[in-house]
Amino acid sequence: MSAKLSVNINKIATLRNARGGNTPSVTEAAKNCQLFGADGITIHPRPDERHITLKDVYDIAPLITTEYNIEGYPDERFMKIIADVKPTQATLVPDPPDVLTSENGWDTVKNYDFLVEVIQRLHSMGIRTSLFIETDAKMIENAAKVGADRIEFYTGPYAHNYSKDKAAAIAPYKESAAIATKNGLGINAGHDLSLENLEFFADEITDLLEVSIGHALISDAIYLGLENTINMYKKLLL
Ligand code: PXP
């Protein structure tokens, strides 16, 4: 089975917020991405609302015909969003509110008790839970122990190293994917995936269930059109 493509539409909100008003519309984007073949919509409603606002979260929810993936740090604001909206998946990221983008995976050892409690609460709402994680065996084993259903590999380092040496870039992910699978964890991936580096990642990580892609895909859509771009990404996952 090929991995699912969840389109992260944060950047549509960034563009809209640059001018106020509602152009481009995130709800239209969510509808169109799904119409054009996306298997899911991802958003990251940060507390400062610099891209996706609280209103967006609720406006998009009834338009989802595929999977709704909501990312964020699991504070009480986030937990209320999840309880209200009941997305398909919550992807938990460890970053503080002021960072530009998520660039660290969870320390599942240090945050063991916190994650156990949060994941129990998410499971009691029936929400699949994924932990953003780096390629570290101990962190992955503990992701299983705290009760996560899936991990989302932070693929920033892969993307960064891909053009220099793709075999070396993928190696830690292959090793880590085997550990994840052995521990019963599903595998998602995201960050800096692109038309250039996605196919190799999906071919090499055979248990890959889902990728969430924002920056590169929305940027490509400026030149190539949204429908065409989504089709191009989907083809790389076949
Ligand atoms: N996964 C997580 C946890 C993220 O924070 C982001 C960025 O919002 C992505 C995936 C998508 O990354 P990119 O925008 O580079 O495709």
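Ile151: among the hydrophobic types (A, V, I, L, M, F, W, C) and closer than 19 Å to Glu175 by Cα, yes or no?
It is true that Ile151 is among the hydrophobic types (A, V, I, L, M, F, W, C) and closer than 19 Å to Glu175 by Cα.
Give the residue that is farthest from the ligand (Cβ to nearest atom), with candidates limited to residues of the range 37-46 that are without any contact (Cβ under 8 Å) to a residue 40 or more places away in the chain and over 10 Å from Ile213 (Cα atoms). Steps first, please.
Residues of the range 37-46 without any contact (Cβ under 8 Å) to a residue 40 or more places away in the chain: 41, 43, 45.
Remaining after also requiring over 10 Å from Ile213 (Cα atoms): 43, 45.
Values: Ile43: 9, Pro45: 11 Å.
Restricting to residues being without any contact (Cβ under 8 Å) to a residue 40 or more places away in the chain and over 10 Å from Ile213 (Cα atoms), the top hit is Pro45.
Can you name the number of the only condition in (1) buried (at least 16 other Cβ atoms within 10 Å of the Cβ); (2) over 19 Å from Pro172 (Cβ atoms); (3) within 12 Å of the ligand (Cβ to nearest atom) that Leu193 fails?
(2)
Does the range 136-151 include one or more residues that are in contact (Cβ under 8 Å) with a residue 24 or more places away in the chain, within 13 Å of the ligand (Cβ to nearest atom) and crowded, with 16+ Cβ neighbours inside 10 Å?
Scanning the range 136-151, I find at least one residue that is in contact (Cβ under 8 Å) with a residue 24 or more places away in the chain, within 13 Å of the ligand (Cβ to nearest atom) and crowded, with 16+ Cβ neighbours inside 10 Å, so the answer is yes.
Among the residues of the range 216-233, write down those that are among the charged types (D, E, K, R) and within 15 Å of the ligand (Cβ to nearest atom).
Within the range 216-233, just Asp220 meets the criteria.
Does Asp220 count as buried (at least 16 other Cβ atoms within 10 Å of the Cβ) and without any contact (Cβ under 8 Å) to a residue 40 or more places away in the chain? Reasoning before the result, please.
Numbers: buried (at least 16 other Cβ atoms within 10 Å of the Cβ): yes; without any contact (Cβ under 8 Å) to a residue 40 or more places away in the chain: yes.
Criteria met by Asp220.
Is there a residue in the range 159-182 that is within 15 Å of the ligand (Cβ to nearest atom), touching a residue at least 40 places away in the same chain (Cβ under 8 Å) and either within 25 Å of Ile70 (Cβ to Cβ) or surrounded by fewer than 19 Cβ atoms within 10 Å (Cβ to Cβ) (or both)?
No: zero hits.
Here is a yes/no grid of residues against (1) out of contact with any Asp or Glu (no Cβ under 9 Å at 6 or more places or on another chain); (2) farther than 23 Å from Leu209 by Cα; (3) within 11 Å of the ligand (Cβ to nearest atom):
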| site | (1), (2), (3) |
| --- | --- |
| Ser6 | no, no, yes |
| Leu15 | yes, yes, no |
| Leu35 | no, no, no |
| Thr66 | no, no, no |
| Ile70 | yes, no, yes |
| Glu76 | yes, yes, no |
| Ile81 | yes, yes, no |
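Could you tell me whether any residue of the range 197-215 is assigned to a helix (DSSP H, G or I), within 19 Å of the chain's Cα centre (by Cα), surrounded by fewer than 22 Cβ atoms within 10 Å (Cβ to Cβ) and within 13 Å of the ligand (Cβ to nearest atom)?
Among the residues of the range 197-215, at least one is assigned to a helix (DSSP H, G or I), within 19 Å of the chain's Cα centre (by Cα), surrounded by fewer than 22 Cβ atoms within 10 Å (Cβ to Cβ) and within 13 Å of the ligand (Cβ to nearest atom), which makes the answer yes.
Against the conditions (1) at pLDDT 95 or above; (2) within 14 Å of the ligand (Cβ to nearest atom), where does Arg50 fall short? Just the number, please.
Condition (1) is where Arg50 drops out.
Could you pull out the residue among Lys86, Lys138 that is within 18 Å of Asp56 (Cβ to Cβ) and either modelled with pLDDT of 95 or more or among the aromatic types (Phe, Trp, Tyr) (or both)?
Going through Lys86, Lys138 in turn, just one is within 18 Å of Asp56 (Cβ to Cβ) and either modelled with pLDDT of 95 or more or among the aromatic types (Phe, Trp, Tyr) (or both): Lys86.
Looking at this structure, is Val57 in contact with a Ser or Thr (Cβ under 8 Å, 6 or more places away or on another chain) and either surrounded by 14 or more Cβ atoms within 10 Å (Cβ to Cβ) or of a type in the set (Gly, Ala, Ser) (or both)?
no
The values are calculated or read from the model by the stated rules, or taken from the named source; none is laboratory data. None of the values given here were measured: they were computed from a predicted structure. Neighbour counts run over all protein chains shown; Cβ positions are idealised from the backbone, glycine included.
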